[in-house]
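Take a look at the structure set out below.
Computed from the coordinates by the stated procedures, all read-outs in this text should not be read as laboratory data. Here the structure is a predicted model, which means the values were calculated and not measured. With ideal geometry, Cβ positions are generated from the backbone for all residues, glycine too; neighbour counts draw on all protein chains shown.
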Amino acid sequence: MVSQAANRKVALVDQRTVRLSAAKPGDVGVIVEVRAESHPGDHGVGVDELQRRLLEFGFVEGARIEVLHEGAIWRDPIAVRLDDMRIGLRRRDAEDVWILLDAK
Amino acid sequence: MNDLSMRTARIALVGNPNSGKTALFNALTGSRQKVANYAGVTVERKEGQIATPSGRTLSVIDLPGTYSLRARSPDEVVTRDAVLGKLSGEQPPDILVCVADATNLRLVLRLILELKAVGRPMVLALNMYDIAQRQGLRIDLQGLARDIGCPIVTTVATRKRGIDDLVSQAEDLITNGALSAENTWREPDAGQIRDAHRRAQQILKANVRAPERPDTFTGKVDGILLHPVAGLLILLTLLFVMFQAVFTWSKAAGDALGDGFTALGAFVAAHMPGGILTSFLTDGVISGVGSVLVFLPQILVLFFFIILLEDFGYMARAAFLMDRIMGGAGLHGRAFIPLLSSFACAIPGIMSTRVIDNKRDRLTTIMVAPLMTCSARIPVYTLIISAFIPNRSVAGVLSLPGLVMFGLYASGILSALGVSFIMRRLLWRGAVEPFLMELPAYKLPDPLNVVRSLYLRGKIFITRAGTIIFPMMILVWFLSSFPGAPAGASDPAINYSLAGRIGHLLQPVFAPIGFNWQMTVALIPGFAAREVAVATLGTVYAIGNTDAAPGALATTLQHHWSIATGLAFLAWYVFAPQCASTIGVVKRETNSWLWPAIMLVYMTTLAYFAALIVYQVARVFGLG
C-alpha cells in the first residue's frame with residue numbers, strides 16, 4: 001500500500017523522477033520509491049510479491065542506481081548497477097521502481 | 001537433549017548464489033562427497049565429511065544458494081526448510097556456515113539477519129577475501145563480528161585458505177556447546193525487508209570502507225559482452241565453437257566407446273551358448289546401455305563449456321542476451337542453458353532445468369527440450385540424407401545435404417519456440433514470472449573446480465543411465481525379442497517378435513505418411529534410442545553389420561523407399577518422441593506420469609502430421 005503522502009511526494013518531485021522502466025543506459029540516480037501497483041496480474045506473481053522480490057534484490061529507497069546496458073530487442077531487458085552489484089531485469093518488472101536522476 | 005560431543009555434528013552451508021559456496025564446500029570436504037536428491041523433490045543434495053585435526057567427524061551439507069529465506073523456487077524451499085530444521089527426512093543442522101562474497105556484502109547481510117533470527121549457532125565465512133584485499137576493500141572484522149553477533153573467518157576457497165580456521169571455529173562452537181536460541185524467523189513483509197536493509201546498511205557503513213581499487217574489469221568486459229549487437233554476435237560465435245567442439249573433440253572417444261561396446265557384445269556372444277540369456281546380455285544390456293553411454297563424451301565436452309562459462313560468470317549474461325528472444329516464445333531467459341544442453345542430449349538438458357525457479361517456466365522448458373536436435377538424431381539424419389539427398393551444391397557455395405541438415409536443426413528450434421508459445425497460451429494464461437538476475441563479477445574459473453563439477457555431471461548421467469534408462473532398454477529388448485522366430489523362419493527374427501507384430505499392426509496407420517512395415521517395425525526398438533533405428537533397419541533389410549558397411553544400407557533404402565518416404569521419415573524424426581529414456585527422465589523430474597504422457601501425445605501428433613504433409617507434398621511434386 002502506498003500512502004497518500006508518499007504519492008504526493010512523488011508527484012511533487014520534478015521531471016527528474018522517472019520510472020526505472022523508462023530509464024536509458026547512462027542514467028544515474030537514487031531510488032526514491034519502490035511501489036506495488038502497476039499492472040497487477042501482469043507479472044506472474046502479485047504486485048506485492050514483485051515488490052518484495054525487488055526489495056530483496058536491493059532495489060530499496062536510497063540505493064544508488066545506474067543503468068548500464070539494454071537488450072537488442074525492444075531495448076529490453078536492462079542491466080543496472082545497484083550499489084556494488086549488477087542486476088539484469090525486464091523493463092515491465094521495473095515499472096514501480098522510481099528513481100531521481102542526478103542533476104546533469 | 002542430544003550430546004553434540006558424542007555424535008557427528010551437522011553443518012549446513014548457506015549463502016547467496018555466486019558466493020563461492022560450492023567451491024568452499026569442495027575445499028572443506030575434498031573428494032568425500034555424496035550427491036543425491038532430497039526426499040520427494042528433485043533438488044540436488046550434496047553432502048560431505050570433514051575429519052577435524054582433533055579426530056571429530058563433521059558432516060557438511062551444501063544448501064542451494066538463496067537471497068532470502070522467503071523461498072521462491074523448489075531449491076530455495078529446501079534451503080529454508082533445512083535451515084529451519086523442518087525438512088522431512090533431514091536432521092536439523094547444528095551449525096550454520098553462512099558463505100559471503102567479501103566483495104559483495106550488502107545483500108548477504110540481510111540474509112545473515114534472517115539467519116540470525118532462526119537462532120542456530122552460526123559462523124560467517126567471508127569468501128574471496130583475496131579479491132577484496134586486492135581491491136583495497138577494508139573490512140573491520142572485529143566490528144562486523146560484534147555487530148552481527150557471530151564469529152567471522154576469512155577464506156579463499158579456491159586456494160584452500162582459511163579452511164582450517166573455519167573448521168576450528170565450527171568445532172569451537174560445538175565443543176563450547178553453543179545452543180540454539182528460539183527461532184523468531186517469520187516471513188518478512190515489504191516494510192520488514194526495508195528495515196533489514198536499513199540495518200544492513202548501518203552495519204556496512206560502520207565496518208566496511210569502499211574499495212580503493214574497485215573492480216573495473218567486469219564493467220569493461222560487460223561493455224563488450226552485453227553490447228546489443230556485438231554481445232549477440234559473440235554469443236552466437238561461442239555457440240558455434242561449442243558445437244564444433246562437442247562433435248569433433250568427442251568423436252574419437254564416442255567412437256571408441258561405441259566400438260568397445262560392440263566388441264564386448266561380440267565377445268559375449270562368441271563365448272556364451274546362444275539363447276535367451278546371451279541375447280539379453282548382448283542385445284539388451286550391452287547394446288542398450290552402450291547406445292546411451294556413447295553420448296557420454298559429447299555430454300562431458302558440452303558440460304565442460306557450460307561449467308567454464310558458468311564459473312566465469314558468462315551464463316547470466318547469456319540468459320540476459322537471450323531473454324527477449326526466448327521471452328517472445330514464452331520461455332524464461334534461464335531456459336537457454338537447458339535447451340543448449342539438449343543439443344547434445346535431452347536428458348542432461350531436462351535435468352538442468354532445475355535452475356529455473358518457476359514451476360510453469362520449468363515445465364515448458366522440459367516439454368520442448370526434446371525438440372532440440374540431440375546427437376542421437378544425427379546417425380538417422382546422416383543415413384537418410386546420404387540415401388536421398390543428392391550431393392549437389394546450391395548457389396555455388398552451399399552443399400544441398402548441409403542445407404537439409406541445417407533445415408532439420410532449424411525446424412527443431414522453431415518448433416520448440418512454437419510449442420512453448422502455444423503452451424503458454426493454452427495452459428497458462430498468466431504472465432511470465434519476473435526476471436531478476438544478478439550479473440556476477442567475472443572470475444577466472446578454477447581448474448580443479450571445473451574438473452570436479454565435470455566429474456559430478458558425468459557421474460550423475462551414468463547413474464541415470466543405470467536407474468532410468470536401463471529398465472527402458474530391457475523393455476524394448478523384450479518387445480523386440482519375444483516371441484522368438486519359429487524354426488526354419490526365413491525373415492529376420494524381429495519380424496516375429498511383439499515389436500514386429502505391433503509394427504505390422506500399426507502399418508495401416510503409417511501408410512498415409514509413406515512408411516512401409518519395415519519402417520514401423522524399426523520404430524519400436526528405435527524407442528530405446530533414436531539411432532538404434534538405423535541398426536534395426538539394417539536388421540529388417542538383412543544388411544548385417546551396418547557399422548561395417550554404412551553405404552550398403554543407404555543403397556538398399558534407395559531401392560526400397562521413394563524419396564517422399566525418405567523425406568517423411570526425416571520429418572518424423574524431427575518431432576517423434578523416439579526416446580524412452582527422455583520419457584523416463586521427464587517422469588522423474590516432474591514427479592508424475594501426466595507430463596511424460598502429454599509429451600508423448602503432442603510429439604507423436606506433431607511428427608505424424610509433419611510426415612504426412614511432407615509425404616503428400618512430395619508426392620504431388622512427383623517424388624512418390
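Can you spot the lysines whose alpha carbon is less than 27 Å from B:K251's alpha carbon? Ignore those fewer than 8 places along the same chain.
B:K459
Which order do B:F243, B:F609 fall in if you start with the one that has the fewest other Cβ atoms within 10 Å?
On the way: B:F243 17, B:F609 13.
The order, fewest Cβ neighbours first, is B:F609, B:F243.
Give the order of B:E212, B:E438 when sorted by the count of other beta carbons within 10 angstrom, beginning with the fewest. Numbers along the way, then the final one.
Working: B:E212 9, B:E438 20.
Arranged by neighbour count, lowest to highest, B:E212, B:E438 become B:E212, B:E438.
In segment B:9-215, what % of DSSP beta bridges are antiparallel (nearest 5)?
Values: 14 of 33 bridges.
DSSP beta bridges in segment B:9-215 are roughly 40 percent antiparallel.
As an exercise, use a Förster radius of 56 Å and the Cβ-Cβ distance of B:E182 and B:Q558 to find the FRET efficiency, rounded to the nearest 0.05. Let's see the in-between values first.
Numbers: r = 79 Å, r/R0 = 1.40.
For B:E182 and B:Q558, the calculated efficiency is 0.10.
How much of the DSSP bridge set in the protein assembly as shown is antiparallel, in percent, rounded to the nearest 5? Please list the in-between numbers first.
Numbers: 41 of 60 bridges.
Roughly 70 percent of the beta bridges in the protein assembly as shown run antiparallel, per DSSP.
Assuming 0.36 nm per residue, please report the length gained on full extension of the stretch B:V394 to B:D172 beyond their Cα-Cα distance.
Numbers: separation 222, 0.36 × 222 = 79.92 nm, distance 7.39 nm.
Extending this stretch completely gives an extra 72.5 nm.
Counting DSSP beta bridges with both partners in chain B, what percentage is antiparallel, nearest 5? Walk me through the numbers on the way to the answer.
Values: 16 of 35 bridges.
Within chain B, antiparallel bridges account for around 45 percent of the total.
Report the calculated FRET efficiency for B:A145 and B:R32 (r = Cβ-Cβ distance, R0 = 35 Å), to the nearest 0.05.
The calculated FRET efficiency here is 0.75.
Partner chain Cβ atoms within 10 Å, averaged over the residues of A:56-68 - can you pull that number for me?
Per-residue shielding by partner chains comes out at 4.
Mind checking which lysines have their Cα closer than 18 Å to the Cα of B:K443? Skip sequence neighbours fewer than 8 apart in that chain.
Result set, ordered by chain and number: B:K21, B:K160, B:K220.
Once both labels are modelled 7 Å past Cα along the beta-carbon direction, what's the B:A256-B:L498 spacing in nm?
3.8
Rank the residues B:T216, B:T155, B:T463 as a footprinting-exposure proxy: fewest other Cβ atoms within 10 Å of their Cβ go first. Walk me through the numbers before you get to the answer.
Working: B:T216 9, B:T155 27, B:T463 12.
By the 10 Å Cβ count, ascending, the order reads B:T216, B:T463, B:T155.
What distance in nm separates the simple spin-label points at A:D42 and B:K160, each placed 7 Å from Cα in the Cβ direction?
That separation, rounded to one decimal, is 5.5 nm.
If you line up the Cα atoms of chain B on their principal axes, what length do they span on each, largest first, in Å?
Result for chain B: principal-axis Cα extents of 86, 57, 42 Å.
Find the relative contact order for chain B and round it to a whole percent, using C-alpha pairs within less than 8 Å whose residues are 6+ positions apart. It would help to have the intermediate numbers written out before the result.
On the way: 931 pairs, mean separation 63.8, N = 624.
Relative CO of chain B lands at 10 percent.
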